[in-house]
Amino acid sequence: MKTIRWTGAAMAACLVAWAGVGCGSGSGTGQATASAKPYPLDVCVVSGEKLEGHGGAYTFVHAGQEIKLCCKDCLKDFQQDPAKYLAKLSGGTAAPAGHSAEGHQH
């Protein structure tokens, strides 16, 4: 009986972890969906780096908006304050004040 409970708990933990991978509303797989609003910038919304020079952007959907980051490491910053970065998309600016691509490691 303990084995069944442990297995059930482990499965539940895996499902919770899997569900949280993509900011709650995105896929988190690096793929965008066809129904999302297209990403309007040619730079990472977090770091301000050009997207074309990194072997492909990390792409996901958040709240119906396609998001492109220069790397998956920027996802953590995006997840901490998505509203801040989504506002940058509507304003058409690249990186937020105080955050630059300089020193950004890939």
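The values are calculated or read from the model by the stated rules, or taken from the named source; none is laboratory data. These numbers come from a predicted model, not from an experiment. Because the Cβ atoms are built from the backbone with ideal geometry, glycine has one as well, and the counts that use them run over all protein chains shown.
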Selection within region 47-56 - over 16 Å from LEU89 (Cα atoms) and assigned to a loop (DSSP other than H, G, I, E, B): GLY55, GLY56
Scope region 52-68; condition surrounded by fewer than 19 Cβ atoms within 10 Å (Cβ to Cβ) and under 20 Å from LYS84 (Cα atoms); matching residues: ALA63, GLY64
Looking only at region 78-103, and only at residues there that are buried (at least 16 other Cβ atoms within 10 Å of the Cβ) and under 19 Å from GLY56 (Cβ atoms), the one that is modelled with the highest pLDDT: PHE78
